[in-house]
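Below is one structure, written out as structure tokens, with a few remarks after it.
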Amino acid sequence: MASGPFLLSFLLICSALSFHFSNANLVLPVVKDNRKSQYYTTFLVGTRPSTRVYLVIDLANHWSWFACDLYGYNTNSHEVPCNSPKCDRYATWNFCSGNACGAVAYTPWWRNDLYGGVLYEDTMSLYNQTQQNSLAHLSKVYLPNLPFTCADKGPLKSLSPHTKGMVTLARVPVALHSQISSTFKVARKFALCLPSSTSSGYNGAIYFGGSPNYLSKSLITTPLVINPKSTPPIFDEDVTSIEYFIKVRSIKIDGTPIRFSSSLLSFKEGVGGTKISTTDPYTVLHSEIYKTLVNVFVTKATAMKMTRVASVAPFGACFSSKSVVDNAETGPTVPIIDIIMDGKSPLLHNKNARWRIYGANSMVKVSNSVMCLGFVDGGLEPATSIVIGGKQMEDYLVEVDLETSKLGVTSSLLRMGTSCSKFKGI
Ligand SMILES: *[C@@H]1O[C@H](CO)[C@@H](O)[C@H](O)[C@H]1NC(C)=O
């Protein structure tokens with residue numbers, strides 16, 4: 001759906017109500033591939049001629065990469081030289097490829113396929129969003145130095161067919177948000193607004209440097225924590241993980257805490273803890289957490305007269321849709337799952353911060369008559385005990401603030417008249 005000529009109009013309409021932005025925001029659109037449950041963005045790379053690329057958003061990759069040949073992208077004169085100060089600064093994992101700085105292309109799904117290559121740098125386009133009445137206007141701005149590498153077809157096999165690469169927002173200097181912050185001198189933060197559907201077009205966004213006030217004023221925050229050990233596929237003894245971890249204290253279902261060993265919530269040699277991931281379509285839980293979550297959810301759901309039906313893989317608890325009432329604001333009326341996190345929130349009268357998951361984000365429609373609890377079993381030895389996946393982040397603003405080292409989540413779903421953005425004319 002995302003091919004062909006478009007982007008003719010750069011009008012951005014913020015839905016309904018007249019929000020006021022006091023500031024300008026740098027932004028890129030986000031689209032969901034419903035079939036693959038992947039979220040991707042698009043921008044132009046290079047000048048005269050420029051190449052439009054479609055890249056899956058990843059919070060874990062060491063590098064951004066795309067299949068340059070398939071896009072007809074010309075790499076001429078864009079190499080970052082080896083042993084240059086820039087190469088030293090960019091590399092968390094330093095090596096050279098001939099006379100050029102080295103980089104590796106891989107996907108989180110094909111971790112054994114690492115494609116070593118050259119690190120390039122070129123101009124990319126994004127938008128500056130400013131506000132006039134209830135309409136937000138977009139003007140193009142150019143980042144002169146997006147670092148990326150080129151892949152061949154190998155790592156593409158698990159990606160959305162609309163895309164030919166990935167863009168990284170991990171905790172690395174070559175990540176897009178790091179480049180934007182240092183080049184445009186904006187705050188070191190970015191926010192994801194992953195859309196829940198494909199049908200309405202480019203309705204998600206990534207904001208850089210800050211989010212529109214109407215979205216960021218209702219953020220519940222928790223400290224980001226550093227996992228002292230690197231996480232797969234690239235291990236390095238002395239390097240901390242480049243992913244975004246938070247400290248979860250408990251999980252409650254309709255107010256009832258579920259029971260599991262709390263040691264799963266801390267790191268032991270880098271294993272355990274909780275991270276966010278845009279490349280896992282559903283939250284993946286350590287088996288012990290998963291089993292108790294399903295049990296308590298089913299008990300509460302049964303008490304609400306929800307009818308359980310045969311499970312549909314990969315899910316472990318499915319229900320007849322007829323037995324569930326739909327609510328326009330929060331989706332199917334099902335038991336509410338609260339992820340209780342470190343830190344107190346003024347928005348919650350100084351109670352512990354929580355990520356509240358309503359039916360819209362907990363239930364997956366697998367057919368017209370069946371919906372399932374959208375969490376999956378990660379087995380008994382996952383690297384990370386709780387991986388908060390895409391489905392659970394959809395229609396929330398999830399902000400990674402590296403200035404204050406905090407993760408923020410909007411206190412409620414952005415549904416009733418408050419969507420992230422709508423890129424019109426794409
Ligand atoms: C975005 O627009 C605002 C308001 O016009 C301006 O002050 C700011 O410099 C622009 N940002 C960039 C990166 O061009």
- Within segment 219-410: Cβ-based charge dipole about Cα centre, in debye rounded to nearest 20 (Lys, Arg +1; Asp, Glu -1): 920 debye
- Item | Unit Cα scatterers, Debye sum, the chain: log10 I(q)/I(0) for q = 0.11, 0.14 Å⁻¹ | -0.83, -1.36
- Residues with amide H under 5 Å of T278's amide H, sequence separation 5 or more or different chain, H placed in the peptide plane at 1.01 Å from N; which? L59
- Note on the structure: Whole-Hz Karplus couplings 3J(HN,Hα) for segment 155-168, θ = phi - 60° and coefficients 6.51, -1.76, 1.60, Gly and Pro as x, run x, 6, 5, 9, 8, 3, x, 7, 10, 9, x, 9, 10, 9
- Message: Compute, for the chain, the length of the dipole vector about the Cα centre, with Cβ point charges of +1 (Lys, Arg) and -1 (Asp, Glu) only. Units Debye, rounded to 20.
- Response: 1120 debye
- Message: I'd like to know which of P29, I234, N368 lies farthest towards the positive end of the charge dipole of the chain, counting +1 on Cβ of Lys and Arg and -1 on Cβ of Asp and Glu.
- Response: N368
- Query: Which of the trypsin sites (Lys or Arg not before Pro) found in segment 195-259 are in a DSSP loop and have at most 14 neighbouring Cβ atoms, other than their own, within 10 Å?
  - Reply: K217, R259
- Query: Within the P(r) computed for segment 196-314, what percentage of the Cα pairs occupies the region above 22 Å?
  - Reply: 56 percent
- Towards the positive end of the charge dipole of the chain, with charges on Cβ (+1 Lys, Arg; -1 Asp, Glu), say which of G46, V80, A100 has the farthest Cα. G46
- Task: Hey, can you grab everything whose amide H is under 5 Å from the amide H of S196? Only 5+ residues off in sequence or another chain; H modelled, so Pro and N-termini drop out.
- Result: D395
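Values in this text are rule-based calculations from the coordinates and carry no lab data. The structure displayed is predicted, hence computed values, not measured ones. In this analysis, Cβ positions are derived from the backbone assuming ideal geometry, glycine residues included, and neighbour counts consider all displayed protein chains.
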